[in-house]
Amino acid sequence: MKENTSLAAKISGAPYIAWMIIFIIFPLAVVAYFAFTDSSGSFTLNNIATLSRYSDIFLRSIWFGAIATIICLVISYPLAYIISQTAQDNQRIIIMLVMLPMWMNFLLRTYSWMLILEDTGIINNWLIKLGLEPVQMINTSGAVILGMVYNYLPYMILPLYSIMSRMDNSIIEAARDLGGNSAKIVQKVVFPISMPGVVSGITMVFVPSVSTFYISQKLGGGKFTLIGDVIEMQFQTSYNYNLGAAMSLALMVLILACLFVMNKFTDEDDGGILV
Amino acid sequence: MKENTSLAAKISGAPYIAWMIIFIIFPLAVVAYFAFTDSSGSFTLNNIATLSRYSDIFLRSIWFGAIATIICLVISYPLAYIISQTAQDNQRIIIMLVMLPMWMNFLLRTYSWMLILEDTGIINNWLIKLGLEPVQMINTSGAVILGMVYNYLPYMILPLYSIMSRMDNSIIEAARDLGGNSAKIVQKVVFPISMPGVVSGITMVFVPSVSTFYISQKLGGGKFTLIGDVIEMQFQTSYNYNLGAAMSLALMVLILACLFVMNKFTDEDDGGILV
Amino acid sequence: MENNVIIDLKNIAVTFDEEPILKGINLYIRDGEFVTLLGPSGCGKTTTLRIIAGFLEPNSGDVMFENKRINGVPPHKRQVNTIFQRYALFPHLNVYENVAFGLRLKKLPEKEIRQTVEEMLSLVNLKGFSKRKVESLSGGQQQRVAIARALAVKPRVLLLDEPLGALDLKLRKDMQIELKNIQQRLGITFIYVTHDQEEALSMSDTVVVMDCGRIQQIGTPIDIYNEPKNAFVADFIGESNILDGIMKSDYSVEFSGHTFECLDKGFDKNESVDVVVRPEDVDVVAVEKGAICGTVTSVTFKGVHFEMIVDIDGFKWMIQSTDQQFEGDEIGLVIEPDAIHIMKKSDYSGQFGDYSSFSDEIEQLSSASEEV
Amino acid sequence: MENNVIIDLKNIAVTFDEEPILKGINLYIRDGEFVTLLGPSGCGKTTTLRIIAGFLEPNSGDVMFENKRINGVPPHKRQVNTIFQRYALFPHLNVYENVAFGLRLKKLPEKEIRQTVEEMLSLVNLKGFSKRKVESLSGGQQQRVAIARALAVKPRVLLLDEPLGALDLKLRKDMQIELKNIQQRLGITFIYVTHDQEEALSMSDTVVVMDCGRIQQIGTPIDIYNEPKNAFVADFIGESNILDGIMKSDYSVEFSGHTFECLDKGFDKNESVDVVVRPEDVDVVAVEKGAICGTVTSVTFKGVHFEMIVDIDGFKWMIQSTDQQFEGDEIGLVIEPDAIHIMKKSDYSGQFGDYSSFSDEIEQLSSASEEV
């Protein structure tokens, strides 16, 4: 059976896709090349070997990223659900508001939190005016994680909202009808069905959180160096491209491994219901 | 008519949404506050007035951002269409490949282009080996725009692909049936129907392109300062938060204005078909 | 047991956005009965069902379950389960887990769950489908999973909201028989919502005809078909010729310029009435033998019979006959006394029962929906 | 003109993924004819339509349009237009622009476009809907926009792919009459695809019954209903009791243990045949007066008649009668010679025509789709 697919055929797909993929992949290949060469261009595993020195920074990055991701998920999940249940007109406005920070320069979003949290910042000023003791907020791990959460929250809310607003209400009614109270319905129906949104939200928050830079410098006061900052330093200050490339590659592999494990876990969970 | 909406009611939506919106909007309000005060905290319009000095940088940022957005659109549109027409299994793999750079550190993506385009970089090395003259590529406006395109391309491809893969094939068949050749079908049916994806793609590329920093520093060699770089400088080097905030605010307003005009334009176009 | 009332709706009214949806519904349903709520879309039949299920609370009126008022009792605490229009299966669970869903919520032992699920799957002819994904099933199979899922929790009453609406004709007929069999085997109460009159007639013990938020008639299928209460019911349940008539005396009615013998009495002398004649109850004879006569304006072959439109003094009758006539033929019609049914005049008089123009009907439909 | 063949399919074969979809279709269609391709899903009827429209190229065989071979001619160069199953309206255009779409592509002057669009909209009873968004329309209205859009470009042949499948029963009946009227008024050729036998019978000049990628029978609705060629056609077109019989001699056939007079001849002596008896053609009489007799096992009220399943020596007959019988009644049956139709044995013999168990049929359906 031959479909008359003149339209797609005329744009002649395959070569175009091939070229685009080369364009997209080539710079990544360059990174890989640099990761396995020294400054003179000959093959070496030194860069990779050196990474072990940074293992605590890698771990901290993943740890902070994971915490920020979990907080985003916990905050966003009820929020997305509530938004999806409000009137259609309100939904658009709320989603607009949620997306607003994305219109603002990334640096600035981080700076404004600095101004809010500083020892002489807005919150502490208020506390003092209220006659309370000022609180150390800036330069704590909490501030770093807050920065991550604030920056990447919309990327968690949007996919969750999108899947929840498409969820058929009669499925929830069916669950209630069969004897489920609210907690059971969320646990056994809403959450499993929204799983693709959860996975996509986690991915979209975890990946940039782990490799972020600046946030820790500004909100952590340099006490909590993250791998993104180290990579930046290699390029900006040390000019050790090869080590920077090796770090990036390792980070990418680590992230993919984390996500793979998570996917595996949720898949198993899905199939595991059977037993 | 009272719906038994116990589930939504129990999470008790409105206050939660309100708190979240405060959390999201508050830092933006802080930015606005700083934009209209001087370093001692008293009201001033000086920061705003100073902006006129940077008007050429603003214009260049918008100009570069617009060009990068258009290039992204022109590249992505056929790509997304072709992907949506390939076999289901291949679609997932291609989309994975398209998204791959997003897993890699933002800085590194830019650096690797630096390494590729440099006067002694990969491309020029090849050219020399082939006995050709090396070409000046780094430190040109083209390189800056290439950096933008590469960095934000996935954000254009994904919404376009998503809307095209949902497009009902029988609508395209109907257009052919009524006498449309391939060009007419794309012009009169595929493009108008994919308009929401186009708008969302343009937004998602234009906004970060205009306010980006680093790319110009690394690929433009400091010759094409963009507003994102200036803002960074205000915070990183000059410590003039107030001016930086004013710039960010102005940039946000400019971006919103641009997008508003574009939306207006496409809406009119939609209604204008009637005449 | 047959006379045990299980559900009793007392003066139920529902208003949505200031628009009345139900205007005082009174309806009791006996245990083990198969009751169908029949009416056009927007008549309030689904709203009635949702009130019984507990998804909606009426603005006024009482919902009684075995003589206890259950207004305000949430759906999961009612012994009532629903089959939703578009099945509403859980997409993340396989067939087995869909059916087991309600049982797991009851925290029954695994062995009992397995037993019940298997019983239910064999009841709906889906043995061996346990591990299939619900999306991989055909519409009819999904429908039957939904039935098994609802029946697994052993409801006293099963509510079915146009359950066969999405199925093919042939499958729909088979499923009608299946559903009726299941209901008879289990002996539980079915409340069935549909807009398909044939479905209502062939499955139900009792049919409740609704329109505009009111019950128009309650009765057995045969009652409803043979003794419709007003022009709406007559038109909605099957094809009907509905004419203006005058009761000359008991057992005698005049319409179409002729006085016919009939079986109805008790009307005032010369009272205006609606006369219903079913298309299949008219005998076609030669012109000279007919009580009334007219011209055939169209003939359609329907398989079992021919369907003709006959113009009699400007009123277009629909007549069904196994003998073929042709367009333009003059024919005579004979109507036996038992084929004539007399109804009191109602708000619906004059709105239905003339087959002069289908386009008009469509135009009405169009302008109606234009207002919405 | 009546005998002008407009479309001629010659030995069309289509294979998809090595699975044959069409196995040698030969079919010619006359100009101005209303032809219906009727069959169950997967029979190849939609594939045939797509070949005529040009969306699909057959693997072998010729597609002729007015005696010219048009294989390879793209859809937009064929004088053939399609009404798609789910309308396929352009969501970004209003009603007016949807209908004008094909005219604009022809670059007609604006005045002519306006005139044609208004003509078409009034043809389908949608005057005054010009500026409406297509999503705001009901299913029936969208359907009619699709018709107006296809007719606006003045096709020689209109292809309709189950156009009424998504509509309500009542609307579907009205639209059937509308479509037939439009076809007669414009005098263009309609090729209509459906799985609904009633639709096919009441609208078509010619019905083409298809199954498993082959044409089973071509004929007028009356031919197809009264003289089905094999058990598949008899079963698919209306309800049928199909029994094994033996031709004792010309005009004499034995089945159900009794020898009946019939109208068929030309079979071998004692040849095995399939006998078709339609449920409405059987007369119910007292046991002693019946040629054969049996026990009523179920009765369903259908409005126009009662539908009974009658067990006669283990074979379950379906009988339709206006007199009510009750479960368990013993009744006699009389079958007139013209109610008996004899068919040669075919591959389909024994597969259809016994009403003993609907569940079996469903089970077949289930296992069939399980294989897919």
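Each reported figure results from applying straightforward, stated rules to the coordinates on display, with no laboratory input. It should be emphasised that the depicted structure is a prediction, and the values quoted were computed from it without experimental measurement. Note that we place each Cβ from the backbone using ideal geometry, even for glycine, and neighbour counts take in every protein chain shown.
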- Cα centroid separation, segment D:64-107 to segment D:211-244 (Å): 33 Å
- Note on the structure: Summed over the other residues with a beta carbon less than 9 angstrom from that of C:Ile242, with K and R at +1 and D and E at -1, the charge totals -4
- Taking the reciprocal of mean 1/r across every pair of different Cα atoms in segment D:183-284, the Kirkwood radius in Å is 15.4 Å
- Item | Inter-copy separations for D:Pro74, label at 7 Å along Cα-Cβ, nm, ascending | 5.9
- What is the average number of partner chain Cβ atoms found within 10 Å of a Cβ in D:88-98? 5
- Query: Hey, what do the phi angles of segment B:206-223 turn into as Karplus ³J(HN,Hα) couplings, whole Hz, using 6.51/-1.76/1.60 and θ = phi - 60°, x for Gly and Pro?
  - Reply: 5, 4, x, 4, 5, 9, 5, 10, 6, 3, 5, 4, 7, 9, x, x, x, 7
- Task: Evaluate the charge dipole of chain C about its Cα centre and quote only its size in Debye, nearest 20, assuming +1 on the Cβ of each Lys and Arg and -1 on the Cβ of each Asp and Glu.
- Result: 3240 debye
- Message: Using a label point 7 Å beyond Cα on the Cα-Cβ vector, give me the inter-copy distances for C:Glu330 in nanometres, one decimal, shortest first.
- Response: 5.2
- Message: Going by amide H atoms built from the backbone, whose H comes under 5 Å of the H on D:Ile7, apart from near neighbours?
- Response: D:Ile29, D:Glu66
- How big, in percent, is the set of alpha carbon pairs in segment B:40-117 lying more than 16 Å apart? 74 percent
- Item | Residue of chain C nearest the C-to-D rotation axis [by Cβ], rounded angstrom distance | C:Val304, 4
- Which entries in the list C:Lys111/C:Lys173; A:Lys264/C:Lys131; C:Lys170/D:Lys23; C:Lys229/C:Lys269 go over 27 Å, if you measure between the two C-alpha atoms of each? C:Lys111/C:Lys173
- Mean shadow area (nm²) of the C-alpha convex hull around segment A:55-268 is 15.1 nm²
- Query: What list do you get for C:Thr322, A:Thr212 if you sort them by fewest beta carbons within 10 Å?
  - Reply: C:Thr322, A:Thr212
- Kirkwood hydrodynamic radius of segment D:31-84 from all distinct Cα pairs, in Å? 12.2 Å
- Item | For C:Met210, distant residues with modelled amide H under 5 Å away | C:Leu38, C:Gly39, C:Gln216
- Message: Residue by residue through A:150-163, how many Cβ atoms from other chains fall within 10 Å of the Cβ on average?
- Response: 1
- Among D:Thr15, D:Ala152, B:Ile62, the residue whose Cα sits farthest towards the positive end of the charge dipole of the protein assembly as shown (+1 at Cβ of Lys and Arg, -1 at Cβ of Asp and Glu, taken about the Cα centre) is B:Ile62
- Rounded to the nearest 500, what is the 222 nm mean residue ellipticity of chain C from helices alone, with -39500 (n - 2.57) per DSSP H run of 4+ residues and division by all residues? -8000 deg cm²/dmol
- Which distances, in nm and shortest first, link the B:Ala183 label point to the same label point in every other copy, taking 7 Å along Cα→Cβ? 6.7
- Residue with peak Gaussian network fluctuation, chain B [Cα springs, cutoff 10 Å], from B:Leu132, B:Leu51, B:Leu153: B:Leu132
- Please average, across the residues of A:16-23, the number of beta carbons from any other chain that are within 10 Å of each residue's own beta carbon, and give a whole number. 5
- Query: Which one of D:Gly44, C:Gln85, A:Leu97 is farthest out on the positive end of the charge dipole of the protein assembly as shown, using unit charges on Cβ (Lys, Arg +1; Asp, Glu -1) and the Cα centre as origin?
  - Reply: A:Leu97
- Listed residues C:Glu57, C:Glu330, C:Glu112; largest mean-square fluctuation, Gaussian network over chain C with Cα springs below 10 Å, found at C:Glu112
- Message: Among D:Phe101, D:Phe326, D:Phe55, which one shows the highest mean-square fluctuation when chain D is modelled as a Gaussian network with alpha-carbon springs under 10 Å?
- Response: D:Phe326
- Query: What shape does segment D:240-371 have by the C-alpha gyration tensor, where a ≥ b ≥ c are the square roots of the eigenvalues, rounded means a/c under 1.5, and otherwise prolate means a/b greater than b/c and oblate the rest?
  - Reply: oblate
- Note on the structure: Toy charge model, Lys and Arg Cβ at +1, Asp and Glu Cβ at -1: segment C:240-371 dipole around Cα centroid in debye, rounded to 20, equals 320 debye
- Note on the structure: By the Cα gyration tensor axes a ≥ b ≥ c (a/c under 1.5 gives rounded; else a/b larger than b/c gives prolate, otherwise oblate), the shape of the protein assembly as shown is prolate
- Task: Place the peptides A:134-140, C:13-19, D:278-284 in order of packing, highest mean first, counting for every residue the other Cβ atoms within 10 Å and averaging per peptide.
- Result: D:278-284, A:134-140, C:13-19
- Message: Semi-axes of the equivalent ellipsoid for segment A:55-167, please: Cα gyration tensor eigenvalues, times 5, square-rooted, ordered largest first, whole Å.
- Response: 29, 20, 13
- What is the spin-label model distance, in nm, from B:Ala14 to D:Asp323 if the labels are put 7 Å beyond Cα along the C-beta direction? 7.1 nm
- Distance violations [Cα-Cα > 30 Å] among C:Lys316/C:Lys345; C:Lys45/C:Lys133; B:Lys188/C:Lys133: C:Lys45/C:Lys133; B:Lys188/C:Lys133
- Item | Shape category assigned to segment C:1-48 from the gyration tensor of Cα positions, a/c cut at 1.5 | oblate
- Note on the structure: Once the dipole of segment C:5-226 is set up from charges on Cβ (+1 Lys and Arg, -1 Asp and Glu), the residue from the list C:Ile70, C:Ile6, C:Leu121 lying farthest towards its positive end is C:Leu121
- Task: Would you work out the charge dipole size for segment D:5-226 about its Cα centre, treating the Cβ of every Lys and Arg as +1 and the Cβ of every Asp and Glu as -1, and quote it to the nearest 20 debye?
- Result: 940 debye
- Message: How charged is the neighbourhood of A:Gln236? Take every other residue with its Cβ under 14 Å from the Cβ of A:Gln236, and add Lys/Arg as +1 and Asp/Glu as -1.
- Response: -3
- Query: For segment D:5-226, what log10 I(q)/I(0) values come out of the Debye formula at q = 0.11, 0.18 1/Å, with one point per alpha carbon and no solvent?
  - Reply: -0.54, -1.35
